[in-house]
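Here is the structure we will look at, set down as structure tokens.
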Amino acid sequence: MILRLLSAALAAGFLAAVVATGLELALTSPLIVEAERYETPAPGHAAQALPIVLAHSGHDHAAPDAAPEWQPAPGFQRMAFTGLATLVGGVGWALILGAVLLACGREPTLQTGLAFALAGFASVALAPALGLPPELPGQEAAPLLARQAWWVMTAAATGMGLYLIGVRRSFIAILGGLVLIVAPHVVGAPPPPSGSSELPAALAAQFAARSLAIGVVFWAMIGLGFGWAWQNFGSAGRRHA
Amino acid sequence: MTTQTTTLAPVAVRANERLMAAALATFLGLGLIFMAGFSPAIALHNAAHDFRHAQNFPCH
């Protein structure tokens, strides 16, 4: 069971990453590169570095003066690392999708995979985007840790809410689910600081729409890929047994 | 009595195995998502930068 789950997640993550990486490189990466021209370097550190240092300077994982800030070279290397990160993310989400399917007692198929994957998209892409729209470099935003905390809380609450509504289905569960889904938005995402950005609004709007479109394809591929791989690896296992 | 144990045990083992697999996959999956989407290590951030923006993870 564990091997079947791990291998199906690897296959699904790989399939989804191939498709999503192509879409990212074609649709979002060019907008990110264009937006970086408007990025104002934070005072006190090198102009070519991404303004991550200040946000994390107090964190134990990243001593600011420990090492030079490595970043992938523009062009092929940057594209390759985007693909690698998409692969890691795709396999990660596929593992979680498989775990949720099994924990809910559902046999992973194309249908259940797709249905749970769309719930995953709603939980980790759509719901957080309502409060924190997909954002380009150079856009004004609240402190990183506050946004990450709200993102995690919203994703977890939405996922749990959809589980209560879609799997539990009792009156109380549906009511609780709705409350969980709505609550993070009532609390509200950390607001961006007031201030203007040089970034053209059309660029940001186009990026937000493309990001969510890629997200839904990414998740659909993860779900379909996982259902397909689970069925396929299972029948192969039975033949050998 | 014998039939009860032979029929019940595999079901219990299967349910147990299912939950173990789910727990392990959740642990591994969250680890990978943390690495790709949240890790504050600068090298990991820079490597995954375009993915984080494209998939709407909060990023710098």
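The values are calculated or read from the model by the stated rules, or taken from the named source; none is laboratory data. Every value quoted in this text rests on a predicted model; they were computed, and no experiment measured them. Heads up, the Cβs are rebuilt from the backbone with ideal geometry, glycines too, and the neighbour counts pull from every protein chain shown.
For the reader, a short list of remarks on this structure follows.
- Filtering the stretch A:34-63 to residues that are of a type outside the set (A, V, I, L, M, F, W, C), at pLDDT 50 or above and either in contact with a Ser or Thr (Cβ under 6 Å, 6 or more places away or on another chain) or surrounded by fewer than 17 Cβ atoms within 10 Å (Cβ to Cβ) (or both) leaves A:34, A:36, A:37, A:38, A:40, A:41.
- Checking each residue in the stretch B:40-56 for being more than 7 Å from chain A (Cβ to nearest Cβ) and either β-branched (Val, Ile, Thr) or within 22 Å of residue A:127 (Cβ to Cβ) (or both) picks out only B:52.
- Residue, farthest from residue A:83 (Cα to Cα), within the stretch B:18-37, restricted to residues that are more than 7 Å from every other protein chain (Cβ to nearest Cβ) and of a type in the set (Gly, Ala, Ser): B:23
- Only listed residue being more than 17 Å from residue A:186 (Cα to Cα) and more than 10 Å from chain B (Cβ to nearest Cβ), chosen from A:164, A:144, A:130: A:164
- Taking helices (runs of 4 or more DSSP H) as the structural unit, those lying wholly within the stretch A:127-241 and holding at least 3 residues that are modelled with pLDDT under 95 correspond to A:201-240.
- Filter result for residue A:26 (at pLDDT 50 or above, crowded, with 18+ Cβ neighbours inside 10 Å and either touching a His at 6+ places or on another chain (Cβ under 7 Å) or not polar (S, T, N, Q) (or both)): no
Rundown of residues vs (1) of a type outside the set (S, T, N, Q); (2) over 26 Å from residue A:101 (Cα atoms); (3) surrounded by 13 or more Cβ atoms within 10 Å (Cβ to Cβ), yes/no style:
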residue: A:145; (1), (2), (3): yes, yes, yes
residue: A:168; (1), (2), (3): yes, no, yes
residue: A:172; (1), (2), (3): yes, no, no
residue: A:181; (1), (2), (3): yes, no, yes
residue: A:184; (1), (2), (3): yes, no, yes
residue: A:188; (1), (2), (3): yes, yes, no
residue: A:192; (1), (2), (3): yes, yes, yes
residue: A:199; (1), (2), (3): yes, yes, yes
residue: A:218; (1), (2), (3): yes, no, yes
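- Looking across the stretch A:183-221, the residues that are of a type in the set (Gly, Ala, Ser) and under 26 Å from residue A:23 (Cα atoms) come down to A:201, A:202, A:204, A:205, A:208, A:209, A:211, A:213, A:215, A:220.
- For residue A:86, the conditions (1) touching a residue at least 12 places away in the same chain (Cβ under 8 Å); (2) β-branched (Val, Ile, Thr); (3) under 26 Å from residue A:183 (Cβ atoms) are fulfilled apart from (3).
- Residues of the stretch A:80-96 satisfying the condition of being within 8 Å of chain B (Cβ to nearest Cβ) and under 19 Å from residue A:19 (Cα atoms): A:81, A:82, A:84, A:85, A:86, A:88, A:89, A:91, A:92, A:93, A:94, A:95
- Residues that are at the interface with chain B (Cβ under 10 Å from one of its Cβ atoms) and surrounded by fewer than 16 Cβ atoms within 10 Å (Cβ to Cβ) within the stretch A:103-127 comprise A:104, A:105, listed in sequence order.
- If the condition is being assigned to a helix (DSSP H, G or I) and either over 18 Å from residue A:80 (Cβ atoms) or in contact with a strand residue (DSSP E or B) (Cβ under 7 Å, 6 or more places away or on another chain) (or both), then the stretch B:38-60 contributes B:38, B:42.
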